[in-house]
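Here is the structure we will look at, set down as structure tokens.
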Amino acid sequence: MIKLKLYNTLARRKEEFKPLKPGEIGLYTCGPTVYDYAHIGNLRTYIFEDILKRVLLYNGFRVKHVMNITDVGHLTGDRDMGEDKIEKGAAREGKTAWGIAEYYTQAFKEDIARLNILQPDIWVKATDTISDQIALVKALEEKGYTYHTADGIYFDTSKFKNYTKLSHQNIEALQEGARVEKNPEKRNPTDFALWKFSPQGTHRQMEWDSPWGIGFPGWHIECSAMSMKFLGDQLDIHCGGIDHIDVHHTNEIAQSEAATGKRFFNFWMHGAFLIISGGKKMAKSEENFLTLENAFIKQGLNPLVYRFAAFQTHYRKPMEYSDESVEAARNGLLHLQNQVRQVAKAKAESDNTAHAEFKDKFLQAVNDDLNMPRAMAVVQEMLKSAIDDSQKYASILDFNRVLGLNLDQLDKEQALPEAVQKLADARKNAREAKDFAASDRLRDEIEALGYMVQDTKEGMKVIKK
Ligand code: AMP
Ligand code: ZN
């Protein structure tokens, strides 16, 4: 029996994962704030969470996965100051707040589908659960955790014991960090808004009536209300990027546990950042962001190249993005696809069970806190081993349940369409004639039809992107 061990930010170490209830695991992943396209840094976090979910399924657990869409309340400053990102996005694009949220929600769903990220079982929009959020604020008010200020209802963090248990910071450091956004009415710098009033004299596009006045929810209360609504008040795993540890998730824990008196989530898992050369974090606000569309699709690259690239770095380590790393991932994926094509020919003899020894090794790697670099090494070790091709193919089909690289579809590939074949033949002739200008032009034409050209020792190969 190979145990599943996951790094729990709460405990600051790897712990054996055990579900709270036999049967189903509750998994909650903080979803996108839909005021712009997701950048590939955001998508790195969703790939990590997808691997987590697939590994849970691979271990035989049943998973109920909820992902929210933050379509209101996330302000430009994480600590309740600044503008609402959605309303700001709407002003930028001359659209309505609702229109912006809808547009970027669809764009996000398309991106994750292109990365083979499994859909959550439940999608939930913050704006669809306002009454649940109000009920949660009321419960906190009844228990004496809240106070009124001119701009909203706040949570008094000094009333919640062990407020820093997730961030492991000392409270003074956290208070100091929180002081940058000045709100003289806050009792403690770390206090946060549960409900914000619409500013006097202005009209927000998204606002609701509440027992305290017209306004909108704080970003943190949304995730607490949505996770508890669909998964109950004691849950298994909650994840997000590391930037959520100090504020967003810390506040979710404080308000949820204050309201229920129970431990909120058992496991908290956080993915490290994608950084670009120079060590800078990719961020929407930095305007240095690359989207899947710009960095991959428009460059004629299969988006799964990015998924493959993400496997090269452990999810808790920063991942560096560069032209070289993309090129290496592109070649790595093409190589793997070719290896699988070779063994896929033998599938008729396959009894469709993975090779036991390699399956154990693969499981050991992924169960060791989702060690994908090691899992990819096991894939190569298996493919280069002396076991027969049918067993290799059966093993690949099994591993692909975690990898999600469409390796199960390579045997279905058909012969090239006639137009592509003609271009391929012409390019072969051009290369033999050493007419490299023509050969390059023909490569572009082939790529424009959705195919990729690879020059290998065995000659030219043309495969579907
Ligand atoms: P947002 O749409 O800004 O709420 O972010 C969506 C997710 O992306 C969150 O889980 C963030 O923690 C995560 N995230 C933001 N920036 C990065 C980055 N550069 N690399 C990896 N994950 C990120
Ligand atoms: Zn959240």
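The values are calculated or read from the model by the stated rules, or taken from the named source; none is laboratory data. Because the structure is predicted, anything quoted here is derived from the model rather than measured. Neighbour counts are summed over all protein chains in view; Cβ atoms, including those assigned to glycine, are modelled from backbone coordinates with ideal geometry. Accessible surface areas use protein heavy atoms only, side chains included; no ligands, DNA or RNA. Shrake-Rupley method; radii C 1.70, N 1.55, O 1.52, S 1.80 Å.
With the convex hull drawn over the C-alpha atoms of region 296-412, the volume per residue is 96 Å³.
For n ≥ 4 DSSP H runs only, could you compute -39500 (n - 2.57) per run for the chain, divide by its residues and tell me the 222 nm figure to the nearest 500? Calculated at 222 nm, the ellipticity per residue is -13000 deg cm²/dmol.
Normalised by the number of residues in region 29-182, the average gap of Cα pairs under 8 Å and 6 or more apart makes the relative contact order 24 percent. Positive end of the dipole of the chain (Cβ unit charges, origin at the Cα centre): among LEU336, ASN188, ALA310, the Cα lying farthest that way belongs to LEU336. Reducing region 17-35 and region 256-319 to their Cα centroids gives an inter-centroid distance of 17 Å. Please label the shape of region 20-142 as rounded, prolate or oblate, based on the square roots a ≥ b ≥ c of the eigenvalues of the alpha-carbon gyration tensor (a/c under 1.5 means rounded; beyond that, a/b larger than b/c means prolate, else oblate). In terms of gyration-tensor shape, oblate.
A DSSP coil position with no more than 15 other Cβ atoms inside 10 Å describes the following trypsin sites (Lys or Arg not before Pro) in region 60-106: LYS95. Between GLU15 and GLN342, the distance separating the two model label sites (each 7 Å from Cα on the Cα→Cβ line) works out to 4.5 nm. Across the chain, the relative contact order, built from alpha-carbon pairs under 8 Å that are at least six residues apart, equals 17 percent. Beyond 36 Å, the tail of the calculated P(r) for the chain holds 36 percent of the Cα pairs. For region 388-433, the share of alpha carbon pairs falling in successive 5 Å distance bins from zero is 5, 18, 16, 13, 10, 10, 15, 11, 2 percent.
The shape of region 44-111 comes out prolate: with a ≥ b ≥ c from the C-alpha gyration tensor, a/c is at least 1.5 and a/b beats b/c. Overall, the accessible surface of the chain at a probe of 1.4 angstrom is composed of carbon and sulfur to the extent of 49 percent. With both labels modelled 7 Å from their Cα along Cα-to-Cβ, the ALA386 to ALA135 distance reads 6.5 nm.
Distance from the Cα centroid of region 321-389 to that of region 41-118 is 30 Å (rounded to whole angstrom).
Taking the C-alpha atoms only, the angle from helix 250-260 to the longest principal axis of the chain is near 60 degrees. A Förster distance of 45 Å, applied to the separation of the beta-carbon atoms of ASN170 and HIS335, puts the FRET efficiency at 0.40. Taking Cα atoms only, the orientation of helix 97-114 departs from the longest principal axis of the chain by about 40 degrees.
By how many nm would the segment from LYS461 to LYS428 grow when fully extended, if each residue of separation counts as 0.36 nm and the alpha-carbon distance is taken off?
Roughly 10.9 nm would be gained on extension.
Based on C-alpha pairs under 8 angstrom that are at least 6 apart in sequence, region 418-464 has a relative contact order of 29 percent. Axis angle, to the nearest 10 degrees, between helix 40-58 and the longest C-alpha principal axis of the chain: 80 degrees. The loop-placed trypsin sites (Lys or Arg not before Pro) in region 233-318, going by DSSP, that have at most 11 neighbouring Cβ atoms within 10 Å of their Cβ come out as LYS262.
Comparing region 418-464 with the 2.2 N^0.38 Å rule of thumb, its C-alpha radius of gyration ratio is 1.01 (two decimals). Pairs from the table (LYS5/LYS361; LYS384/LYS428; LYS53/LYS280; LYS109/LYS280; LYS298/LYS428) lying more than 19 angstrom apart at Cα are LYS384/LYS428; LYS53/LYS280; LYS109/LYS280; LYS298/LYS428.
In the context of the full set of protein chains, residues of the chain present 44 Å² of accessible surface per residue (probe radius 1.4 Å, heavy atoms only). Once the cut-off is 34 Å, how many percent of the Cα-Cα pairs in region 18-271 end up in the long-distance tail? Across region 18-271, Cα pairs with separations above 34 Å total 14 percent.
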